[in-house]
Amino acid sequence: MKPLRTILLLSLLPFHLPAQEAAQTQPPAETAKPEAQKAEEATTAAPTPASPQEMIQRLFDPQATEQDLLENIKKAGMAGIPRQSIIEAKLVWGLRNQNIPWLTKVIPELEVVAQNFDRTQSAGFKSADEIRSFIAYAKALEAHSKGDQAVFKTQILEALWLSPSQAPLYLQAIEKQKIQEKMANVKVDMDLVITTHDGQATTFKDVLGDKKALLVDFWASWCAPCIQLMPEVKKKAEMLSKHGIVVAGMNKDDKDAQVIAAKMKDNMGIEFPWLIEPAERPFTTQLELETIPRMVLIAPTGQVLFNGYPDDPALWVALKKVDASIQAP
């Protein structure tokens, strides 16, 4: 099961100027000027300010860092972008990055937006209830971070009630919480004998060596999303190796796993450890791998630091706890 992308894809939404305003923004026709004057003006002219559409795209840029967003918010305010759109951008950035402190801080602003919601001023949200739904979701995430299950359940149900269309996101949060609760007491056997793609015996302990952590990507040939994500796994392996984190792939095919894994390794140009899960499926059972693709971050002690989908922002949060210098791409 590939994790659903449910953050409204606001970064792709256009910002449409009213026809009259758009016409007013067109530069006047240039009158004839001496060439020397033109050259002088060209060297002293200020940079052309971003259009409202460009400013909206910057606000909702999925690659923006927190500093990028804060700078764009200042520019957006000066460019006359609606305050509601700016607050919505704060919400979307917090959701994309699963930044709970950020989301908690922006809740009061979101509540004002919900009370005074104007569809014409929105960058993509449909109603006040949709905003209220994300407020409840933010409160649920905050409660989960504090271990308050009662408040988490209340708020996540409120979020679902207010915006059923966001059910995949909210159900994923519920599943994630359940997995984390179970993983808190799980320790992977680092000495369990497994095999590589070429039939060599090894263990997670051997694969990890003296490095900081092991990130295992569980995949199978019948899992289309797993195959599609292989290039990203390769990028992770290359980047994380510089931070002392070993990335390994583990095949879960029931038949001909070794042959399938070896072929995939050659086809994809895999250079990191390529493993086969034992037929008894010890990791599938212990880690509750009911759906794939799945990545599991394991400490040298066998403690599970992360168990979730490869594109979950929480993975990067867990990785930063291993090495604070790691930056999400």
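The values are calculated or read from the model by the stated rules, or taken from the named source; none is laboratory data. Small disclaimer: the values here were computed from a predicted structure and weren't measured. Neighbour counts run over all protein chains shown; Cβ positions are idealised from the backbone, glycine included.
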Strands (runs of 3 or more DSSP E) contained in region 174-267 and holding at least 1 residues under 30 Å from E142 (Cα atoms): 213-219, 245-251
Considering I174, I156, which residue is surrounded by fewer than 21 Cβ atoms within 10 Å (Cβ to Cβ), β-branched (V, I, T) and free of Cβ contacts under 8 Å to residues at least 40 places away in the same chain? I174
Taking E71 as meeting all but one of (1) of a type in the set (D, E); (2) modelled with pLDDT under 90; (3) surrounded by 11 or more Cβ atoms within 10 Å (Cβ to Cβ), write down the number of the exception. (2)
Checking the conditions here, which among A257, A248, A314 is among the small types (G, A, S), farther than 21 Å from T195 by Cα and touching a strand residue (DSSP E or B) at 6+ places or on another chain (Cβ under 7 Å)? A314
So P231, is it within 21 Å of Q180 (Cα to Cα) and either of a type outside the set (G, A, S) or within 21 Å of the chain's Cα centre (by Cα) (or both): no
With out of contact with any His (no Cβ under 9 Å at 6 or more places or on another chain) and closer than 21 Å to E175 by Cβ as the only criterion, which of L215, L208 stands out? L215
Of all residues making up region 278-300, the number that are part of a loop (DSSP other than H, G, I, E, B) and farther than 23 Å from D312 by Cα: 4
Taking the options L315, L275, name whichever one is at pLDDT 95 or above and either touching a Leu at 6+ places or on another chain (Cβ under 8 Å) or assigned to a strand (DSSP E or B) (or both). L275
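Which residue is surrounded by the most Cβ atoms within 10 Å (Cβ to Cβ), if the candidates are limited to region 90-126 and must be small (G, A, S) and over 18 Å from L169 (Cα atoms)?
A123
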